[in-house]
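The block underneath contains the structure these notes are about, expressed in structure tokens.
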Amino acid sequence: MKNLYSPCKLCQRNCGVDRLAGEVGFCGETAVLRIGAAVIHKGEEPSLVGTGGSGTIFISGCNLGCSFCQNYQISQGVEQGEERKETSLGKAVSAEDFADICIELCNMGAENINIVTGSHAIPALVEGIKAAKKKGMTLPFLWNSSGYETCDSLELLRDYIDIYLPDLKTLDSDIAEKFFNAPDYPASATTAILKMIDMTAKKSRENAREKVIIRHLILPGYLKATRAVLLWFADNAKDRALLSLMTQYTPIPNRKRAMPERYLSEDEYETVLKWLEELKIDEGFCQELVTGNDWLPDFKRHNPFSSELSVPVARLFTSQT
Ligand code: SF4
């Protein structure tokens with residue numbers, strides 16, 4: 001499976017670089033799997049947090065690269081000047097290391113293993129999941145992604161992923177171009193999400209609907225785009241997946257990128273709640289209105305989040321490389 005990195009066409013960016021030889025494409029990562037953090041996370045959807053928390057593993061690098069990404073330190077690196085980027089934060093891990101992290105999260109009481117932003121690292125992650133299962137890991141694996149995967153890449157996950165949490169960020173190509181340089185995102189993400197729904201339905205006939213949770217982050221000032229997402233969900237996925245509406249958009253100080261520069265307003269929030277009612281989307285999740293920067297992690301810290309939100313894996317992340 002590692003051959004898929006050379007030349008790399010794992011995602012729609014189609015870079016064609018030789019990641020096995022150390023080259024990097026848009027996602028900024030070679031074939032070496034790197035992890036930005038591993039924590040017990042209590043800020044995910046209630047059904048995923050349960051009582052023990054979600055065992056969340058943040059993968060370094062990203063194939064979408066949203067300008068407003070809250071995890072930019074590990075997904076894109078820290079900006080230096082206009083264009084230059086430092087390498088994103090993270091620690092190189094082998095499949096065995098990945099398996100050990102999963103076991104440690106399990107021992108800390110995790111309800112599941114939640115892999116965040118791994119679309120550009122699917123071959124390595126499949127090896128890691130296989131190694132974890134070999135060591136006796138029985139927790140469900142979650143795929144928590146931007147939804148910017150090809151169907152061929154998703155096919156590689158079919159036997160290994162139990163629950164999908166794809167974003168549906170926008171259906172507007174102009175917004176997709178402006179904030180993540182991917183005008184094809186709307187077509188790609190809806191195709192990927194329908195594929196996830198299909199794979200999950202075939203895998204587990206019981207509670208299949210609860211195993212695809214489509215996340216949408218409401219962007220302040222872009223409510224029309226949110227309405228389009230809600231309409232798409234109501235027409236295409238409502239009976240087969242759950243919606244999770246997120247209000248935690250946080251402007252990032254000192255980032256020189258195009259991004260909404262304010263939090264979501266109360267009026268905007270109320271409008272979206274009315275649309276949920278109008279479209280009879282009455283199951284799923286909706287965050288309360290968030291207006292502080294509690295959701296802005298700092299991956300330079302041992303615990304990137306507040307202690308209420310997460311507990312880090314102890315031994316692996318005392319320093320970043
Ligand atoms: S996974 Fe990375 S290198 Fe490969 S095609 Fe996508 S962005 Fe390019």
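Taking each residue of the range 101-120 that is free of Cβ contacts under 8 Å to residues at least 24 places away in the same chain and at positive phi and looking for partners that are more than 16 Å from the ligand (Cβ to nearest atom) and assigned to a helix (DSSP H, G or I) with beta-carbon atoms closer than 9 Å, six or more apart or interchain, yields nothing. When only residues in the range 39-63 that are within 16 Å of the ligand (Cβ to nearest atom) and in a loop (DSSP other than H, G, I, E, B) count, which is surrounded by the most Cβ atoms within 10 Å (Cβ to Cβ)? Across the range 39-63, the extreme among qualifying residues is S60. Just one of the listed residues (G36, G25) is small (G, A, S), touching a strand residue (DSSP E or B) at 6+ places or on another chain (Cβ under 7 Å) and within 9 Å of the ligand (Cβ to nearest atom), namely G25.
Would you check if S153 is touching an Asp or Glu at 6+ places or on another chain (Cβ under 7 Å), surrounded by 21 or more Cβ atoms within 10 Å (Cβ to Cβ) and of a type outside the set (V, I, T)? No, not satisfied.
Apart from one condition, C11 fits all of (1) within 16 Å of the ligand (Cβ to nearest atom); (2) surrounded by fewer than 23 Cβ atoms within 10 Å (Cβ to Cβ); (3) assigned to a loop (DSSP other than H, G, I, E, B); the exception is (2).
Looking across the range 184-209, just one residue is modelled with pLDDT of 95 or more, farther than 17 Å from L156 by Cβ and among the polar types (S, T, N, Q), and that is T190. One residue stands out among those in the range 263-318 that are of a type in the set (D, E, K, R) and under 19 Å from the mean Cα position of the chain (by Cα): the one that is nearest to T56 (Cα to Cα), which is D298. Residues in the range 245-281 that are touching a strand residue (DSSP E or B) at 6+ places or on another chain (Cβ under 9 Å) and over 16 Å from Q70 (Cβ atoms) were compared, and the one that is surrounded by the most Cβ atoms within 10 Å (Cβ to Cβ) is L245.
Checked against (1) under 27 Å from V311 (Cβ atoms); (2) assigned to a loop (DSSP other than H, G, I, E, B); (3) charged (D, E, K, R); (4) in contact with a helix residue (DSSP H, G or I) (Cβ under 6 Å, 6 or more places away or on another chain), E149 passes all but a single condition, namely (1). Out of the range 93-109, which residues are within 17 Å of E44 (Cβ to Cβ) and within 18 Å of the chain's Cα centre (by Cα)? Scanning the range 93-109 gives a single hit, C102.
Please indicate, with yes or no, whether at least one residue in the range 84-95 is out of contact with any strand residue (DSSP E or B) (no Cβ under 6 Å at 6 or more places or on another chain), away from the ligand (no atom under 16 Å from the Cβ) and closer than 19 Å to K135 by Cβ. Yes, because at least one residue in the range 84-95 is out of contact with any strand residue (DSSP E or B) (no Cβ under 6 Å at 6 or more places or on another chain), away from the ligand (no atom under 16 Å from the Cβ) and closer than 19 Å to K135 by Cβ.
Flag: G16 does not match the condition of being farther than 19 Å from E149 by Cβ, surrounded by fewer than 19 Cβ atoms within 10 Å (Cβ to Cβ) and at pLDDT 95 or above. Restricting the first member to the range 126-144 and to residues that are touching a residue at least 40 places away in the same chain (Cβ under 8 Å), and the second to residues that are among the aromatic types (F, W, Y) and in a loop (DSSP other than H, G, I, E, B), the beta-carbon pairs closer than 7 Å and six or more apart or on different chains are V126/Y160.
The values are calculated or read from the model by the stated rules, or taken from the named source; none is laboratory data. Computed from a predicted structure; not experimentally measured. Note that each Cβ is placed from the backbone with ideal geometry, even for glycine, and that neighbours are counted across all protein chains shown.
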